[in-house]
Every structure is written in structure tokens, then in C-alpha cells.
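Okay, structure first, notes after.
Read the figures in this text as sums done on the coordinates, not as results from a lab. Being a predicted model, the structure only gives us computed values, none of them experimental. All Cβ positions, glycine included, derive from the backbone under ideal geometry; neighbour counts span all protein chains shown.
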Amino acid sequence: MGSTNASALARVTVAACIAFALFAASVRPALAEAPLGPTPIVPTHLAIPRIGVDSTLDDVGLTDDGSVQSPPEWMVPAWYRRGYEPGADGNAAIIGHLDSTTGPAVFWHLLWLRPGDRVLVDDGTTTLTFVVHAVAAYAFDRSPMGRVYGPSDVPHLNLVTCAGTWSPFAHNYSDRLVVYTVLEGS
């Protein structure tokens, strides 16, 4: 009778171990796959409540001469796709026109942003909130490209537009305006 009880106990113990192993295996991948921070996104929408921007996003790359392309539409800003994705450690960038041939464009009021204002980007599923921490203007040929588009230890999203005075001869504005933001909670 003792060996029968030991045999039954062994079977129950083995069954319990198998059940626990199956449970642990089903839970472990979910825990291992849980991201430590936000998952970077390929943005398709931009909202800047303070200045009334609520727009889809295009994306841009580089021109033949190596400069960042301008967005194809006046009222639709564009994410720089050759840079960082919003939510990744680094400086993601969104470029928008200041004005058009007929009047103000999507980033006309970008200069109104102040530290603490919110900038939201989403991909249709996930929304990331960035907080403005600085606004700066630079001569168009003196923008700190590394700070605007380069690496960083935390996720940044920088908004870029023209500023200053228009030169009809150069077909360009004298300055670039950059609004620097950081991912909320970073």
C-alpha cells in the first residue's frame, strides 16, 4: 500500500509540474515581450492643440543635394523618414511650411508654442505625447543639424519650419525655427 501511495503521489507531482511548466511557458513570453518604454511609431497624424494643428502626415527624405525635402503640400507637415521614429531614443523631426503662395500654411503659428505645450503624434493605434521644452531660431544655413536630427539618450520630436524674412532672389527664408520637444515622462 505504501508503494501505491508513493506511485500515486509521484504521478500527481509530475502532473502538477507539467501543468505549472505549461502555465509558466504561456505567461513568460508575454512578460518577456512587454516593452520597457513606448514602442517607436511611424507617425501618420500630428496634433498641436495650442495652435490648432490637426493634420495627417506625409513623409519626406533627402533631395539630390542631400538636404531634407520640403513637404509636398502646404497644409500637411511631413515626418523625416530617414531619421528616428517618434518614441525611439533620438531626434525625430517633422517639417512643415510656414506659408504658401496664397497665405499661411500648417506651421504658421509654430512660434506661439511655449515650454509645457503638448504635441501628439499617432500611427492610428498608438498616440505619443511630447512636451515642448525649447523654441529656437537659427540662420537657415546654421541650424544645429545634430541637435535637430541626430542621436539622443531620450526620445525627442523636433518641429521645423521657416522663419525670418523672405528673399525673393534666393527663394528662401533667412531663418529656420525649431521647436524642441521630449517624450512625456522621459
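Largest first and to the nearest Å, give the Cα extent of region 130-186 along each principal axis.
Per principal axis, max minus min of the Cα coordinates gives 44, 18, 12 Å.
Could you give each residue of region 180-186 its phi-based ³J(HN,Hα) in whole Hz, using Karplus coefficients 6.51, -1.76, 1.60 with θ = phi - 60°, and x for Gly or Pro?
8, 10, 10, 4, 4, x, 7
Can you find, among 70, 144, 97, the residue sitting farthest towards the positive end of the charge dipole of region 45-183, where Lys and Arg contribute +1 and Asp and Glu -1 at Cβ?
Looking along the dipole axis, the top candidate is 144.
Amide H of residue 140: which non-local residues (sequence gap of 5 or more, or other chain) have their own amide H closer than 5 Å, using H built in the peptide plane?
It is 175, 176, by chain and number.
With a point put 7 Å past each Cα toward its Cβ, work out how far residue 171 is from residue 89 in nm, to one decimal.
4.2 nm
Go through region 54-65 residue by residue and turn each phi into a ³J(HN,Hα) via Karplus (6.51, -1.76, 1.60, θ = phi - 60°); whole Hz please, and just put x for glycine and proline.
Per residue, the Karplus-derived 3J(HN,Hα) values read 8, 9, 5, 10, 8, 9, 10, x, 10, 7, 4, 8 Hz.
Can you bin region 71-122 into rounded, prolate or oblate? Criterion: square roots of the alpha carbon gyration tensor eigenvalues sorted a ≥ b ≥ c, rounded for a/c under 1.5, prolate for a/b above b/c, oblate for the rest.
Since a/c reaches 1.5 but b/c is at least a/b, the shape of region 71-122 is classed as oblate.
Given H placed 1.01 Å from N in the peptide plane, which residues other than close sequence neighbours of residue 134 have an amide H under 5 Å from its amide H?
It is 180, by chain and number.
Take every Cα-Cα distance within region 45-183, group them into 10 Å bins from 0 onward, and report for each bin the whole-number percent of pairs it holds.
12, 47, 35, 6, 0
Between rounded, prolate and oblate, where does region 102-154 land on the alpha carbon gyration tensor, with a ≥ b ≥ c its root eigenvalues, rounded for a/c under 1.5, else prolate if a/b exceeds b/c?
It comes out oblate by the Cα gyration axes.
In whole Hz, what ³J(HN,Hα) sequence does region 99-113 give by Karplus (6.51, -1.76, 1.60; θ = phi - 60°), x for Gly and Pro?
Those phi angles translate into 8, 10, 6, 10, x, x, 10, 4, 9, 4, 9, 4, 4, 6, 5 Hz.
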